[in-house]
Amino acid sequence: MTLSSLSPFLNKKIILENKHSFSIMDGFPVSKGHSLVIPKREVSSIFELNNERMLISMAMVGDYDGSSGANGYAMSGDASQGSDFGIVATQLLDSPRATDPVDLDQDGVVDIFPGEPLKMTDWHWFDWYSRPGVPQMESNSSSCYTGAEGCPQARNKEEIMYKIMVGDTVNLSENEKQWHFHTPNPGTDLGTELNPHFDSLEGLLEEPAFLRDSEGLDCSIFLSCGPFDLPVGREVPFSFCIVFGQTESDLVNNARFAQVMYNSKYQGFTPPTRPIDRTRCDAPGLRGWRARADKAMALR
């Protein structure tokens, strides 16, 4: 017998649902319209929830092959080349709340409901040589770079920046789509494979940034959060941190810890060891405590 067969909630009509929970109308409501939110994770005991995973929102940046003049962690999945450097990420600890339902992966299921923290809702990368504002693809040997005095700039550069931040692909040229929105198959870039909010990394090795004969400048990354309403005179929370790890798993653990510390208002898990008062037998007039309290460390 499974836990599902024991649940009285699973044969009810679902009124709202996301990846982690669903909502049904209360069969015996205290007030009209009262509903219940049911988590999808099944456990046989509440004690199994002690190690509940924590959702974190971050964008990682590192070296693809682990060799950039020095040897370090390789993001490609190959064996690490050395320990001279690791991997870094920007993590969103807090963000404005959603004012509209948000579907992050375009699967038709709401991922963020109104009132929930948005965190990261869009992530895009682009080659520096095709950055927003360039009228045509640049290269290592270009004679004039957009932004330099006297060099041409795209008239819609600010519009392109906004479109990247919100995942808007309407009225873009074919070049702009290829430069700023990436599918798993760069050779075809089918619209059916495109997630306008999150670029795919599956076809990264087929992108011009990887295929050019001589290495160019680093890619740039956009991380954004929205949409949300901001009435005149109102304030919204927004906090982020820079997290480092020697490996990707180490980075994720550090990010989890950063989120825990932020949620607990930067207070540690446990207080320092409490001193135990004692009277010295060889000197009854003197009092002291155990040395381990002096050496104990507490997080603050």
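The values are calculated or read from the model by the stated rules, or taken from the named source; none is laboratory data. All figures in this text were calculated on a predicted structure; none of them were measured in a lab. Cβ placement follows ideal geometry from the backbone for every residue including glycine, while neighbour counts extend to all protein chains displayed.
So, Asp100, is that one touching a residue at least 60 places away in the same chain (Cβ under 8 Å), acidic (Asp, Glu) and either surrounded by 14 or more Cβ atoms within 10 Å (Cβ to Cβ) or assigned to a loop (DSSP other than H, G, I, E, B) (or both) or not? The answer is yes for Asp100. Residue check: is Phe126 surrounded by 15 or more Cβ atoms within 10 Å (Cβ to Cβ), farther than 23 Å from Val236 by Cβ and in contact with a His (Cβ under 7 Å, 6 or more places away or on another chain)? For Phe126, the condition - surrounded by 15 or more Cβ atoms within 10 Å (Cβ to Cβ), farther than 23 Å from Val236 by Cβ and in contact with a His (Cβ under 7 Å, 6 or more places away or on another chain) - is met. Any residue in the range 82-93 that is of a type in the set (Gly, Ala, Ser), touching a residue at least 40 places away in the same chain (Cβ under 8 Å) and loosely packed, with under 14 Cβ neighbours inside 10 Å? Yes, there is a match, as at least one residue in the range 82-93 is of a type in the set (Gly, Ala, Ser), touching a residue at least 40 places away in the same chain (Cβ under 8 Å) and loosely packed, with under 14 Cβ neighbours inside 10 Å. For the range 113-135, the set of residues classified as more than 24 Å from Val61 (Cβ to Cβ) and either touching a residue at least 24 places away in the same chain (Cβ under 8 Å) or not assigned by TED's automatic domain parsing to the domain that holds Leu201 (or both) consists of Phe113 only. The set of residues from the range 180-197 being surrounded by 15 or more Cβ atoms within 10 Å (Cβ to Cβ), among the polar types (S, T, N, Q) and free of Cβ contacts under 8 Å to residues at least 60 places away in the same chain comprises just one member, Thr183. A Cβ distance below 7 Å, combined with a sequence gap of six or more or placement on separate chains, defines the contacts here; from the range 154-179, residues that are closer than 21 Å to Ala209 by Cα and free of Cβ contacts under 8 Å to residues at least 60 places away in the same chain reach residues that are assigned to a helix (DSSP H, G or I) and among the hydroxyl-bearing types (Ser, Thr, Tyr) in the pairs Trp179/Ser130. Looking at the range 160-175 only, could you name the residues that are within 13 Å of His197 (Cα to Cα) and assigned to a helix (DSSP H, G or I)? If the condition is that a residue be within 13 Å of His197 (Cα to Cα) and assigned to a helix (DSSP H, G or I), then Tyr162, Lys163, Ile164, Met165, Val166 are the ones that fit.
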